[in-house]
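The values are calculated or read from the model by the stated rules, or taken from the named source; none is laboratory data. Bear in mind the structure is a predicted one, so any value in this text is a computation, not a measurement. Reconstructed Cβ throughout: ideal geometry from the backbone, glycine too, with neighbour counts over all protein chains shown.
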């Protein structure tokens, strides 16, 4: 492949935080060009975004359907190769399915769909088409997360016994949904689905747990709460989990933990050692053992492996963060699309896939069901 991947975007109009993040991440390594978009359901806002991005008016579309259909009719050397979906999750399924039906690769925000049944159908569609599909669980893109994963896979911690995954935020501690667009859709069942907190950030803790340890959740017991008066969806949740090797875990997510920002933290305890990683200090991985002093591994410094170097862009001591982690997914996604175009069948990219998205939706569904059930412990089935 001798050219950049051409990308279209759905969503990410003026003032949209995550759309801007996706565009920065896609540009960072020079592998992807944004060539078209349907940035907003308001055509004037969509056109304003296109102008800001220096896109021609002819490549700014009224809606995703028009974009996908029109782009598919363009000559092969002009039309987009893939679609980035950065809308609220109620629309993910329809957009992704149409893109796949027209032969376009997909990179999608999480949660992947609105319901677990949609997730199953989407996973089947990806399998049927053989197209590339990436889900932006961006925390898997951090170099020191990959270091932790490599250490556990190599057996450096021994057998995993205990996992503690937490994601506290405080921004929904008050009823701000009437004044905040970002809060408004997240607490609305008609737009967010069956969960707010667990769907929005608890799914990150679930994905990070399975990605780093290589284990799968097999059973869970959940307690969800809507603390702020008037809310019907959870703004706080606590989950006990059992994993495929017999390990036990605690996973909690909260958006009413006042004073917290984005405190995603993962601790994994094995028979020979433990690791701790915090998203707010992502350059450091803490390694703990009973018979040794604590070790601080730093990105691109002594003690880290090739996975870290492959996911890094600048020398140690010059911090990399959220955008770079996102960009690692986009970079790998571009490589996957190139491999598909070139007919390379043995390429194995390291990014969250449609199967991770399906497990994430199943996790949300099981957590909500457990919280409402008298039984509590329920089997995790996809």
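Considering only residues that are touching a residue at least 60 places away in the same chain (Cβ under 8 Å), over 21 Å from residue 369 (Cβ atoms) and buried (at least 24 other Cβ atoms within 10 Å of the Cβ), which ones fall in the stretch 96-121?
Result: 104, 105, 107, 108.
Tell me, yes or no, whether the stretch 257-268 has at least one residue that is within 16 Å of residue 163 (Cα to Cα), touching a strand residue (DSSP E or B) at 6+ places or on another chain (Cβ under 6 Å) and free of Cβ contacts under 8 Å to residues at least 40 places away in the same chain.
no
If you check 241, 201, which single one turns out to be under 23 Å from residue 355 (Cβ atoms) and assigned to a helix (DSSP H, G or I)?
Answer to the selection: 201.
Based on this model, can you work out whether residue 300 counts as modelled with pLDDT under 95, over 18 Å from the mean Cα position of the chain (by Cα) and outside any strand (DSSP E or B)?
Against the criterion (modelled with pLDDT under 95, over 18 Å from the mean Cα position of the chain (by Cα) and outside any strand (DSSP E or B)), residue 300 qualifies.
Can you report the number of residues in the stretch 288-297 which are in contact with a strand residue (DSSP E or B) (Cβ under 7 Å, 6 or more places away or on another chain) and free of Cβ contacts under 8 Å to residues at least 24 places away in the same chain?
4
Would you call residue 310 more than 28 Å from residue 239 (Cβ to Cβ) and under 24 Å from the mean Cα position of the chain (by Cα)?
yes
Just to be sure before I move on: is residue 224 assigned to a loop (DSSP other than H, G, I, E, B), in the same structural domain as residue 264 (by TED's automatic domain parsing) and crowded, with 20+ Cβ neighbours inside 10 Å in the structure I sent?
no
Restricting the stretch 274-286 to residues that are assigned to a strand (DSSP E or B) and free of Cβ contacts under 8 Å to residues at least 24 places away in the same chain, which is farthest from residue 151 (Cα to Cα)?
Only one residue fits best here, namely 278.
What strands (runs of 3 or more DSSP E), lying completely within the stretch 75-188, carry at least 3 residues that are over 16 Å from the mean Cα position of the chain (by Cα) and not assigned by TED's automatic domain parsing to the domain that holds residue 55?
Hits in the stretch 75-188: 160-168.
Look at residue 345 and say whether it is at positive phi and in a loop (DSSP other than H, G, I, E, B).
no
Hey, residue 202 hits all of (1) in contact with a helix residue (DSSP H, G or I) (Cβ under 6 Å, 6 or more places away or on another chain); (2) farther than 26 Å from residue 271 by Cα; (3) surrounded by 19 or more Cβ atoms within 10 Å (Cβ to Cβ) but one; which does it fall short on?
(1)
Looking only at residues that are part of a loop (DSSP other than H, G, I, E, B) and over 26 Å from the mean Cα position of the chain (by Cα) in the stretch 62-74, which one is farthest from residue 12 (Cα to Cα)?
74
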